[in-house]
Each structure stands twice: as structure tokens, then as C-alpha cells.
Amino acid sequence: MDRPKKKVVLRAVYSMSSLSTSVKENGGKGMRAVNSLTSISELDDSDLLALLVDRPRVKLERKNSYDEKLFSELSLYDGWETPTFSISDSFDPHPMVSKAWEALFRSQVYFRGQPVGTIAAYDHASEEVLNYDQVFVRDFVPSALAFLMNGEPDIVKNFLLKTLQIQGHEKKIDRFKLGDGAMPASFKVLHNPIKKTDSIIADFGESAIGRVAPVDSGFWWIILLRAYTKSTGDHSLAERPECQKGMRLILSLCLSEGFDTFPTLLCADGCSMIDRRMGVYGYPIEIQALFFMALQSARSMLKEDAEGKEFMDKIQKRLHAMSFHMRSYFWLDFQQLNDIYRYKTEEYSHTAVNKFNVIPDSIPDWLFDFMPLQGGYFVGNVSPARMDFRWFALGNCIAILSSLATPEQSMAIMDLIEARWDELVGEMPLKICYPALESHEWRIVTGCDPKNTRWSYHNGGSWPVLLWLLTAASIKTGRPQIARRAIDLAEARLLKDGWPEYYDGKSGRFIGKQARKFQTWSIAGYLVAKMMMEDPTHVGMISMEEEKHMKPVLNRSFSWC
Ligand code: GLC
């Protein structure tokens, strides 16, 4: 490609000098001046690709030598055809960035003087606080990544240790004792101004609307521990006996033997980011992808001592079985859709092609138009006679980042996002799922949930937090132009609209009906996306490469071999 060179300077855009007020507000805690991270001149579009693919050509001034390792482990796919894109403004400090940092610092929660997390939303205008004043485990992940990328690991370490302590408490719902490994959905710090003491109350689902189980919390905890270790190079935290035990407890909840016929994890509805009844019970893609990523992360951190060894073997076997299962049965592209459309039903024995007895008539009409010739995705759910054909953003992005998807599948997921941009990205990245449930289906599936009406909230709403996942997946697949386009959309509205939790409407044009403002993960998600574009090595914190032995080409009729 012969294009004139543009001069681009990479620089840290999140200067702390503008945050002096929040320093005071926070008692000066958790603040650290950060200078320029990197400086690269004479970059053009092809150079960014070189930055991604041909690493030795670019010399980055790294914060510490550990980044070197991150960078080397972030091997990106090669051989792609990258459309023309402009990165000229990718590295320009956007005025929103300093505002976002200000808001993120303001959302910090302190326990006995130490920052231990960020509250879900800092929205004083909202009449109902509900539990948005708590630190949610899943919500804290983008905040944590932002802090790590900014060279401030302490809050992340404190959070990991505090939640571990909470895990250690006895958990009961009514008279039922929960598993030892269960991690909370959220926790709240209670300050007693008279006694000058701090205490914590946690929610494992016993207070949450609908009493939903936060299955994703434990997985995010393990994933975050790895991100912390990768980013800081500090292995001592993961090696602590209490962290090793915490990991083992989480793993024993999901690696125990039962009646399962599949390696995927059986869940109740509302057990993750979609924490209301939305027909995601069974084997939801979000949980499967997070489970896979958590297993990979644990494998890299567990000690092979007497207790750890047993888990390592189980992890290895499960990863192997899961990658086969997911890549074969959850994967949908034009060819696969055509095969299902022509499926025979009621097949008996291990020679069955239609193993789950999916009835072709259950393929929804929208899918025939939605499926592009090039592209594909992991469907929402697969279980006996049930394929949930909806597209879910988080599961598909995590599948790319964890290498649950093969390189070809990862490319196809990005192809589909590009081909169906109006439907999936529209005016605000990114749809949580597509399409929305309407009318009778909405009544039956959601139980007439007024918060999840069509194209709102979890039912086809657009969630700015998902921007960081889209950006990470775009960078990993060597297609940063996709992220660039999405970030531009977010920048046109997010700050102006007060960082809403979600947007409504078919194209995500309206601020969500009941969306909180100053939703922390909308703010942090934006910052993480920006920092990853600025320094793609950051993606290594939450990206994993495929294991060699998982690579064999899969054939649907091989599962009994
Ligand atoms: C809502 C979301 C959930 C999030 C929580 C706090 O319940 O559905 O994913 O963790 O708000 O922001």
C-alpha cells in the first residue's frame, strides 16, 4: 500500500494534572502521576499493522520489562487483508479522556483508607439507588484494566484480596448454604462515622433481584488475577496460598462430576451480565466463554503441588473437550445454517448428524437475512432440541480473546460484525444481543419484564461497556479499524449524554429508559478501549493464545472417536 506517511505521536492522554480536585476528594489516595508511555513518530496505517504483526520493527518505550513479555505473547493473526483505515486521530488525546479519568477516580470505594473497587454508578440524579452504589465484581473488571494500564495496580490487588476474604465467609440463602467457591455479585462498604469503622456486606444472589446466581464473578476474579500478574509481573499475589485456594474453590464448583453429557457448564437464567430472566438458562455462550478463559488463566497460575496437580489435569481435559464442543456445535455460519436447515430429525445412535435433534422449523426467520455469506458467530445456547440463535456480544468477544474460537472463526466473527454493522453497532456500540425478543416471545421468555422490553436493556439494548471487548477483539484479529469506527461513535455521545449505562432502540439512538448516568463501566470501558488503541500490547492482559494440541480440524461426526 503506497500512501503518504502521516506523522502520529503516541502519547499518554490521561494526564493526572487535571484531576487535582478528585485527588483532594479522595484524600490523595490512589493517585500517581503518569508521564508519556510511548513515543512513535512517522507512523502510518501500514505501520500500525506492522506494530501489530511485525513487532521488531517498532521500538516502544515500555513501562517495565514485563510489557515485553506481554507483547511477545500477544501474537496476532497474520495473513489478513486489512481494509484501508485511518489511525491519524487514534492517538490524539480526546477531551473526553480526562473527564473519564476524573469520573473513574470519583467512583473509587475505600475500605479502611484503601481503594478496594469502584461503585457501579455515581448517579445522584437517579431516584432509585437499588444496588448501583455497590462494587460489582463484573463491573470492576474494566475499571481494574484501566488502572492496570495506567500503572496503578494497588486498587486491583486490594480488590482481589478483599473479594477473596468475602468468598471465605459462610454464604446462605434462606436455609441453603452456597458452595464454598461462590464469589459475590457485589459488595458494599458501610462506613460508621460515629465508631469510625468500616464493614462490608456482600451479595451472593440473596438480595439481587430475582435471586440470581453470579456464576461469572468467580471467572472474572480468576481472569483479573491473571491480568494483574501479566501487567505487573508480580507473581507473588497469585502464588499466595489464599489465592491458590480461592482459585481451587472456584474451580471445584465447576469441574465437579455430575450428570452432564456435555463439557459446557449448565446454568440458571440471569447468571451473568444479563442478570434477569432473558432465556439465557442452559449453556449460555457468555458463561461458556468466560469459563474457558478462566480455565486457561488458572492453568497459567496454579501451582502443580499436591492440591493443584489434580486440578491441572481436570483443567486440561475440560479445555480440550470444551473447545471441541463449542467449535463444532455452537458455531454458526452460512454453511452450517444451511446444513441445519436441511437436517433430518429423530436420529438415533452415535452416527447422528443432528446430534441435539434441532428441528429446522425452529430456525427463526430473521436469521436467514442476517447471516452473511462471509462471517459467523457462536450462537447463544445449545442443548437438547434447543438452539438459541441469538448473537451475544460478550461471549463472542471473549471467545476471540480466549482463543476458544479458532483464528478462522475469530476472523469470521469480526467479518459478521462488519457485515451487520447497522444491526450490531448502529449508533452506539455495542448491542448486548441481537435481535430483541418481541410480543408473545417477550412475554413467555422474559415473563413480561417491563425493563427488558424490545430493544431495551438486556433485550437488544446497546451497552457502551462492551466497547472495550470489541476493541480488544479487533486488535487481536488485526482489525483495529473496526474499533476505531466504534470509538468514534462513542465519542460523539457518551460524555454529552452523561455516560449512560445503556442505550435503547434498534440502532441504539436513545439513552436507555431506566439507564443510570455516570455508569462506571461505561466510563472505564471507554478508557480501556482508548488505551489499548494507543498501546496494543495492553491486549495481552486479557488475551490468550491457542494451545497447539487443540488445533486439529474438527469434524462433526468425530465426537465418539
Ligand atoms: C445491572 C446489569 C449488571 C450489572 C449491574 C451493575 O444489573 O444487568 O450486568 O453488573 O447492573 O451495573
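Laid out as a table, the results:
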read-out: Protection proxy ranking of 357-363, 207-213 - average other beta-carbon atoms within 10 Å, highest first; value: 207-213, 357-363
read-out: Contact order relative to length of the range 403-561, as percent, for alpha carbon pairs under 8 angstrom and 6 or more apart; value: 25 percent
read-out: The range 435-486 and the range 244-262: distance between their alpha carbon centers, rounded to Å; value: 29 Å
read-out: Proximal charge balance of S297 [Cβ under 11 Å; K/R count +1, D/E count -1]; value: +3
read-out: Carbon + sulfur, % of accessible area of the range 115-200 - ligands and nucleic acids excluded, 1.4 Å; value: 53 percent
read-out: 1.4 Å probe accessible area per residue over the range 448-489, in Å²; value: 17 Å²
read-out: Cβ-placed point charges (K, R +1; D, E -1), dipole of the range 262-380 about Cα centre in debye, nearest 20; value: 260 debye
read-out: Formal net charge of residues neighbouring M428 (Cβ-Cβ distance under 14 Å; K, R +1; D, E -1); value: -2
read-out: The range 336-423: chymotrypsin sites (Phe, Trp or Tyr not before Pro) in DSSP coil with no more than 13 other Cβ atoms inside 10 Å; value: Y348
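The values are calculated or read from the model by the stated rules, or taken from the named source; none is laboratory data. Treat the numbers as computed from the prediction; the structure is a model and nothing was measured. Because the Cβ atoms are built from the backbone with ideal geometry, glycine has one as well, and the counts that use them run over all protein chains shown. These accessible areas exclude ligands, DNA and RNA; they are computed on the full protein's heavy atoms, side chains included. Shrake-Rupley method; radii C 1.70, N 1.55, O 1.52, S 1.80 Å.
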